[in-house]
Every structure is written in structure tokens, then in C-alpha cells.
Protein chains: 2
Amino acid sequence: MPLNPDDKLLVHLPGPAPAGWLEAAARRFPGLEVRWEVAGVDAAASDLERADALPPETLAGVTLLCVYPPPSPRAMERVRVVQLASAGSDRWLGHDKFGDEGVVFCSSSGCQSVQIAEWVMGAWLAHRHHFRLYDEQQRRATWNARVLDKPVADSLGRRVGILGYGSIGRQCARLAHALGMRVYAHTRTERPDAPSRRHAGCYSVPGTGDPDGAIPARWFHGDAGFRQLLALGLDLLVIALPLTASTRGLVARPQFRQLHDASAGRTFVCNVARGPVVDTDALVEALEQGLISGAALDVTDPEPLPPQHPLWKAPNVFITPHVSWQSDALVPRIAGLIMENLERLDRGEPLLNQIKK
Amino acid sequence: MPLNPDDKLLVHLPGPAPAGWLEAAARRFPGLEVRWEVAGVDAAASDLERADALPPETLAGVTLLCVYPPPSPRAMERVRVVQLASAGSDRWLGHDKFGDEGVVFCSSSGCQSVQIAEWVMGAWLAHRHHFRLYDEQQRRATWNARVLDKPVADSLGRRVGILGYGSIGRQCARLAHALGMRVYAHTRTERPDAPSRRHAGCYSVPGTGDPDGAIPARWFHGDAGFRQLLALGLDLLVIALPLTASTRGLVARPQFRQLHDASAGRTFVCNVARGPVVDTDALVEALEQGLISGAALDVTDPEPLPPQHPLWKAPNVFITPHVSWQSDALVPRIAGLIMENLERLDRGEPLLNQIKK
């Protein structure tokens, strides 16, 4: 399905087109009408405005669409390709157009991996080096070196298990590897050989991630592999997989118990996927009982987390309000992905990041 | 000066010998008497006890000594080799034995680099990803995603200048490189070619650092090079050089002004060297006037920082009480260095980390 003269691209993102992008698109695809609209912020919902809010003439005739919150199917009448501004597609579950076999959906996986992996490794280092303890001392203007009574264990030689070895998991692996950690990858399906371990068909920012899958010391897959992974004695468990029927509640009481038994409660759990992948009650218990050494959560279940929720006050937990995807480079990266997928569309090649629905 | 039958090694460190170490030393150097004493903590001074406090018979006849706080010259009568447990030797300035040409001093440079580089990059990431803002929200149990009103700039493509390209600087470079940053090294003397860029004669934990000096995109040296470095538009400036007469007050008003002019106030300054390398009054001013985006300080001038000192409350500063060297791997790493230097001593070869006094 090459580009045709009727194609109209609407980009609705929280920033303008990068300098030169519109000109480059016009040169490369002279027949393509491009409408780039800056999406406003819906502060109350901590979300971006939906494309529905745009004037009807902006929506009219759009065939290629790039958005973050799903618009109503009505606003997407002629759309045949949707480029999501998110790595996950769970917000689209049940949406008419998502269910339509004739509409191709591509995630923006790879555009968030740099900042999210930084969030993960930053939270890990802050935890290991007791930054919040020192922050608290600083607020009281207290110099207390507590030499050796709160020992630091650095990352060299520590074990990290990564659930989901996509763009985010691979960039976490790159950083963990630089810290000298042993990386274990867990994937849904088996990756027995080099070709299967490549990050094929997916967008990556050049020079990031682990495109060949060369970093992991071992690979695990499926349910049995998940149990093997948790039995390794992990120092860090990174959750970076999509929310699906089979990943909902994946990390629950038995898993926290297993982490504790294998690692004497020293595992730190980072969730940058979706809140419901973790059983929240079990997580609060695990923190309170010291089954894990702590957790960093950019996602929770529910979201927003209500003020009275016990998770806020659980010991050794760090919570941010679903912001780890934020970066001033996000829009430029998505713009790069759009351009690449326009090329592929025009050449009739498979698009990057196409979602298997 | 090979080992001789009179040699007596006293190790006074805040932890026991690693499992098997004493046995290995006894096998390899059967004539060597080894005394390994665990150094207690002087909580009031946030320091380790001095070796002077040991019983006279433990100090008697010691020729090889490994310590952290300098003992009195009286307690070091026959000592000919001193292995410091610190990367810096500034605590020894003016000490009789340090001034004695006949006594060889070796730093433990390389044994702290992993944990200190983690501290640096953790502080950098925490700053860039607004962790303290979210920590504060968490204390108030507040979910506020503030979508895009506090933008994150991730590290990919950002510029880091590293003052002092020793063990700590090189490990910072390794981590920054994995984050996709452009690394600029500054050294005291010129490093024009590959051999001069190697980290020769220095201990490194295997698999860490940048032993060949391959990472920096550019090298700078001396006063002129320092001005060139500051003019690059740095996102991060890491201070990792020894405190000497020529580095005291190195980063002062003109340097903060230059950083501001070149980088529009976005430079984040990390000091993990010694407090007096930075002019404290100038730093407080730079923070208050926004000449830099913030600072992370594991060292201050003075230390301990008094409760009423304005630095505690300066905007965008993170202060820890000289603890970044802490790691449960420190003593095992120093033990590895001692063993290596015993080998070299016995073979009559130059010792690792020998300090040019």
C-alpha cells in the first residue's frame, strides 16, 4: 500500500515538528498533505488532549494518524495507518479501529527507551546509594557520614533480570552492562539462537539498546523460564513488558515469595510497564515484610494512586506519576520514526513497530 | 626492594580479610608476617580509628602498612611502604613519613571508582529526571504528572567534561558513554597519543573504567585546555582530580561565569574530589543566580558542613557527607591491590598507584 495522492497525515503530538522535518517530508513526499498540530495538555487528567478536540477540517480526510490518547472512531473514519505516540497499545483495547483488521497500528516503541532506562537505572542507583536518606539529612542540614553503618553495595557483578526484552529492556541492559551487572533476559517466546535474539522490525535510536541481543548472560522464556529467572537470586528485577491478558498480575504473592527465597530479600523491583502487571496488594505486603529490598514504580494500579492508598507509605518504595516516558527528545524521535515508516509505506515494505493485534 | 624475612605487613581496614586471602598470602609469601586488624569507627569524627590506637605489639616492627587515617610518625617507625586506603593523599600533606623520600606511598586509586562513578551518574540522573520533586510529591501522597511542564532532557548526546582522568574519571566516562553522552577529558599534562592516554601503572577493577583512554571525544590539558573545556557548552562537569596547590579553588567565579556563558546555565556540577577544589562562596552564588542548573557534592569546604551554612539551602544542590567511596566491595578490592603490590615488591618492580610526592 504505497502512499497515494489522497493520503493525508495528521500528527497530533505535544510539540512542534523538529526544524526542517516538514520541509524534508514535503521534498520527499510531494503528494502528501501533512498537518502537524501541537497537542495541548489536559492538566486535570494529566493527559494530552484528544485529537477529537481539533477542528473538523483538520480531521477531515486523514488517512495516516499519529496520536497519543485514542480519538473516537468517528474522528478516524478514513484512517488506515495509526502511529501511536506510546510504546504500549493497552489504551486501545476495545477500540473499534484497533479491532479493524484493515487498519495498521504501529507503536512508538524505541522512542521512550532512552529516558525510561535512565529512570530505571537512576532509581536503582539512588536506592543502592541511599540518596533519599541523605536528602532527608540535607533537609535538616545534618552532616552525618554514618561511616559503614549503612553499607553501600555497588552494582558490579550484581544480577538484573529483565522481563520483556524490547526497546526499553534492551536499553536497560546496555546501562546495566556498563555498570558491570550480569543481565538475564526473559521473553514471552523462546529465543534460542542469534537471529531470534535480534531486535528486528523495531525502531531504535541509533547507538542505543542491544540490537543483536548480545548482552544477556542467559535467556529465559515462558512460565517455566520465569520461575527459573526468579530463582537466580536477582538484585534487580525490571518489568518492561506489555500489559496483556497473560501479563496481568504476573508479579504477585508467589513471585515475591520466590524472589525472597532466592535472594534473601535483596531484590529491588522496577516497574516501568503498566501497574496491573504487578499485584498491588502483594507488592505492599512484600515491601512491608521485607520480601524485597524496595521498589521503584512509574506506574501503579490504580492510576492516579489515591491519596489514602497504602502504597504511598510502604517502606522503600519510590513512586513517580507515570512520567518516565517524558523527554524533550520524544517528539523528535517520533518524527524520525514517522519519516522512516512513510518511506516503508511508500516502498510497500513492512512498517517498523507494527503491532500484532 | 624484594620482600625480606623481616617484613611485617599490618593491614588496618574497616573489614576483615576476604575469605581465603590470608591463606593465599601465607602460601605465596611464606616468610611474610601478616597482621590484619579491623579498624573501628570513630563515630564522633565520622572517621575510622587511627592505627595509633592499636596495641604496641601490633605496631611493632611493621614495615608494610595499609591504613586510612594517617597514624603518627612514631607508630610508623620502620615502615617502608604505605598502602593508603584512600584515592587521595591530601590528608598526608605535612606528615613526616610522607615527606621521607625513603618511604614509598601508594594510593588505593581504582578501589573506589566503581561506587563513586555510580554516585556521580545516579546524582546526574536523579537531577535530570526530577526525582526529588517526585519524592516530595510522594511524601504528600500526591499524584501529579505535570505532563510536560517540567520537561526531562535525557542524556543521549549530552556533553560531559571530566576534570581528572584517573580511575574515577574513567569509570564515570564508561557510564556516561553507555548513556550516549559525549565525553571530554581534562588532564593536568598533555596526552597527545595513545600510549600517553593509557591508564598505566594504576590499579583498576577488571572490566571497569577506560584503561586505553578510548572513550573521550576530545582531550584537553592545562590552563588553556581548561578554558576550552568550559567553553564547550557542558551539560555535566565532573570534578575528579586530586587536591593540590594548583587545584585548590580551581572552579571559582570566573569558571562558573564561563560555564554559564557557554551553556546558558544548564551545566550540572558534580564534585567527588575534595571540597576546596571548588570555591564554596562562588558555588553558592552560582546556584542562587542560576549560572549552573545544579550541583551534587559528596565533598564540601568546610567538612563537616556546619548546620547554618548557606550551601545546605542553596537551590538545586544535593549534598552527601563524603560517603561516595563507601562500598562493601572496598576492602576486598584493596586486598586485591595489596596482593598485587606484594607481588611487584617481591619482584622488584614498580608498585601500582605509586604517588609522586
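For the range B:225-235, the count of residues that are crowded, with 24+ Cβ neighbours inside 10 Å, closer than 30 Å to B:ARG198 by Cβ and either within 20 Å of the chain's Cα centre (by Cα) or assigned by TED's automatic domain parsing to the domain that holds B:ALA44 (or both) is zero. Given the structure, is B:GLY110 on the phi > 0 side of the Ramachandran plot and in contact (Cβ under 8 Å) with a residue 60 or more places away in the chain? Taking the combined requirement at face value, the residue satisfies it. Summed over the range B:145-158, residues that are in contact (Cβ under 8 Å) with a residue 24 or more places away in the chain and facing chain A (nearest Cβ under 9 Å) total 6. Checked against (1) under 21 Å from the mean Cα position of the chain (by Cα); (2) more than 11 Å from chain A (Cβ to nearest Cβ), B:ASP100 passes all but a single condition, namely (1). Of the residues making up the range B:284-340, just one is over 28 Å from B:ASN353 (Cα atoms) and basic (Lys, Arg), namely B:LYS313. Listed conditions (1) at pLDDT 95 or above; (2) crowded, with 19+ Cβ neighbours inside 10 Å are all met by A:ALA252, apart from (2).
Considering the range B:285-314, and only residues there that are within 14 Å of chain A (Cβ to nearest Cβ) and β-branched (Val, Ile, Thr), the residue that is farthest from B:ILE162 (Cα to Cα) turns out to be B:THR300.
Among the residues in the range A:135-144, are any in a loop (DSSP other than H, G, I, E, B), more than 8 Å from every other protein chain (Cβ to nearest Cβ) and not acidic (Asp, Glu)? Yes: one or more hits.
Which members of the range A:70-86 meet the condition of being in contact with a helix residue (DSSP H, G or I) (Cβ under 7 Å, 6 or more places away or on another chain) and either more than 20 Å from A:VAL34 (Cβ to Cβ) or among the basic types (Lys, Arg) (or both)? Of everything in the range A:70-86, those that are in contact with a helix residue (DSSP H, G or I) (Cβ under 7 Å, 6 or more places away or on another chain) and either more than 20 Å from A:VAL34 (Cβ to Cβ) or among the basic types (Lys, Arg) (or both) turn out to be A:PRO70, A:SER72, A:PRO73.
With respect to being within 13 Å of another protein chain (Cβ to nearest Cβ), buried (at least 16 other Cβ atoms within 10 Å of the Cβ) and hydroxyl-bearing (Ser, Thr, Tyr), A:THR280 falls outside the description.
Against the test of being assigned by TED's automatic domain parsing to the domain that holds A:LEU236 and either at pLDDT below 95 or more than 29 Å from A:GLY15 (Cα to Cα) (or both), the options A:VAL299, A:VAL269 yield a single qualifying residue, A:VAL269.
Can you name every residue in the range B:159-210 that is part of a loop (DSSP other than H, G, I, E, B), away from chain A (no Cβ under 14 Å) and either at pLDDT 95 or above or under 22 Å from A:HIS177 (Cα atoms) (or both)?
B:GLY164, B:TYR165, B:GLY166, B:ARG188, B:THR189, B:GLU190, B:ARG191, B:PRO192, B:ASP193, B:ARG198, B:HIS199, B:TYR203
Among the residues of this structure, A:ASP52 does not count as one that is of a type outside the set (Phe, Trp, Tyr), under 18 Å from A:SER108 (Cα atoms) and out of contact with any Asp or Glu (no Cβ under 9 Å at 6 or more places or on another chain). Selection within the range A:327-338: residues that are touching a Phe, Trp or Tyr at 6+ places or on another chain (Cβ under 9 Å) and under 24 Å from B:ARG128 (Cβ atoms). The member of this set that is surrounded by the most Cβ atoms within 10 Å (Cβ to Cβ) is A:LEU337. Scanning the range A:53-60 for residues that are at negative phi, hydroxyl-bearing (Ser, Thr, Tyr) and buried (at least 18 other Cβ atoms within 10 Å of the Cβ) turns up nothing. Here A:GLY88 clears all of (1) surrounded by fewer than 20 Cβ atoms within 10 Å (Cβ to Cβ); (2) under 19 Å from A:TYR203 (Cβ atoms) except the condition numbered (1).
Restricted to the range B:288-316, and to residues there that are aliphatic (A, V, I, L, M), crowded, with 20+ Cβ neighbours inside 10 Å and closer than 17 Å to A:ASP135 by Cα, the residue that is farthest from the chain's Cα centre (by Cα) is B:LEU311. If you take the residues in the range B:87-114 that are aliphatic (A, V, I, L, M) and in contact with a helix residue (DSSP H, G or I) (Cβ under 8 Å, 6 or more places away or on another chain), which one is farthest from B:HIS12 (Cα to Cα)? This residue is B:VAL114.
Within the range A:118-134, being more than 7 Å from chain B (Cβ to nearest Cβ) and surrounded by fewer than 20 Cβ atoms within 10 Å (Cβ to Cβ) holds for A:HIS130, A:LEU133. The residues of the range B:89-125 that are over 15 Å from B:VAL79 (Cα atoms), acidic (Asp, Glu) and not assigned by TED's automatic domain parsing to the domain that holds B:VAL299 amount to a single one, B:ASP90.
Does A:ARG35 satisfy the condition of being within 23 Å of the chain's Cα centre (by Cα), closer than 17 Å to A:GLN83 by Cβ and surrounded by 14 or more Cβ atoms within 10 Å (Cβ to Cβ)? No; evaluated as a whole, the condition is false for this residue.
The values are calculated or read from the model by the stated rules, or taken from the named source; none is laboratory data. This is a predicted model, so every value here is computed, not measured. Quick reminder, even Gly has a Cβ in these numbers, built from the backbone with ideal geometry, and neighbours come from all protein chains shown.
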